[in-house]
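Everything on this sheet refers to the single structure shown next.
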Amino acid sequence: MKNRADKSPDYLASSSNEEQRFNSSTILITGSTSGLGLEIAKEFAKNGYSIIFNGLESDGQNIANAIGEEFNINVYFSAANMLIPSEIYEMVNEGIGKFGKIDVLINNAGVQHVSPIENFDTEKWNEIIGVNLTAAFHLSKAVWQGMKENKMGRIINIASAHALVASEYKAAYVASKHGLVGLTKTLALEGAPYGITVNAICPGYVKTPLVEKQITQLSNSHHIPENEVIEKFILNKHPIKKFVNEESIGKLALFLASHAASMITGTAIPIDGGWVAQ
Ligand code: NAD
């Protein structure tokens, strides 16, 4: 295990005791061996956090080790399946065993399936609700007591613009993400007396493996090239005609984890190029 870097978050110049507590923090990010979760992990790694990685990618351990090496931080990897509650609780217990506490939880693991309702596969519905919503319930429950005892905690749920507005053919995804915002608000109220804040980040489209898969599927089903799919089905949602940059989501998460954000709780913050303003 590496010695951890002792850096302050880039934009938090204060060296008060409160900030120092955040600088020696541990974060657990689900689904952090791919896409958005991995980018968020890099942002926290730059700022010296110890990181508990999780994800189903077969090279997850190597990905976690590489980030540990690059940023000189402590890392731990768990392949816990977010559909299996006993694995979730085991991951949290192992993480606490390794690092003593979990200060920040990011519920990021997510899956998608696109289908008209009459053909929507029930197993897909259960998987999406399980990974995108029920896992966040179990994880919040698992870290709650420790955060309460520490009188400090941050839970950040990676929801979606689809937590605030719908699109056709995404019944399970939209329902799960709307549910995640409901969970966010409820836990924000329950956490308020204990210094625990709970917020949701609601990204528009980010070009990650999850979205690349959708682009390929749409290209095949509509018999049009991928650049046309991006223009007609993806960026048509964004008044700012660009993908959301994953780094900006990492920086927003880092801010929400900081002491400066201690009065922000129960929110669902869009970062979506103007999508939900329409
Ligand atoms: P991704 O496919 O690149 O990453 C998803 C991660 O979740 C992977 O690490 C995967 O292994 C993990 N995962 C999936 N099922 C799991 C399970 N059962 N157990 C453990 N881990 C599991 O996707 P992404 O785009 O980076 O998505 C990350 C989050 O961001 C998701 O919650 C997604 O809904 C949300 N989001 C993404 C976008 C976007 O445009 N990419 C937009 C809004 C919200």
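At-a-glance table
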item	result
Helix-only CD estimate at 222 nm, as mean residue ellipticity for the chain, using -39500 (n - 2.57) per DSSP H run (n ≥ 4)	-13500 deg cm²/dmol
Most mobile of 203, 225, 85 in a GNM of the chain (Cα contacts under 10 Å)	225
Dipole magnitude (debye, nearest 20) for the chain, charges at Cβ of Lys, Arg, Asp, Glu	620
Cα gyration tensor, the chain - rounded (a/c under 1.5), prolate or oblate	prolate
Within-10-Å neighbourhood charge of residue 33 [Cβ basis; K, R +1; D, E -1]	-2
Distance (nanometres) between label positions extended 7 Å along Cα→Cβ at residue 277 and residue 190	3.5
Helix 35-46 axis, angle to the chain major axis (alpha carbon atoms, nearest 10°)	20
Computed accessible area, residue 99, all protein chains, 1.4 angstrom probe, square angstrom	40
Label-point separation, residue 232 to residue 66 (7 Å along Cα→Cβ), nm	3.6
Solvent-accessible area per residue, Å², over the chain with all protein chains present [probe radius 1.4 Å]	45
Gaussian network model of the chain, springs between alpha carbon atoms under 10 Å - residue of 66, 45, 253 with greatest fluctuation	66
Cα centroid of region 52-89 to Cα centroid of region 208-278, whole Å	24
Accessible surface of the chain [probe 1.4 Å, protein heavy atoms]: carbon and sulfur percent	53
Relative contact order for the chain, counting Cα pairs under 8 Å that sit 6 or more residues apart, in percent	18
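The values are calculated or read from the model by the stated rules, or taken from the named source; none is laboratory data. This one's a predicted model, so the numbers in the text were calculated from it and none came from an experiment. When we count neighbours, we look across all protein chains shown, and the Cβ atoms used for this are built from the backbone with ideal geometry, even at glycine. Each accessible area value is taken on the protein alone, full model and side chains, heavy atoms only, with ligands, DNA and RNA left out. Shrake-Rupley method; radii C 1.70, N 1.55, O 1.52, S 1.80 Å.
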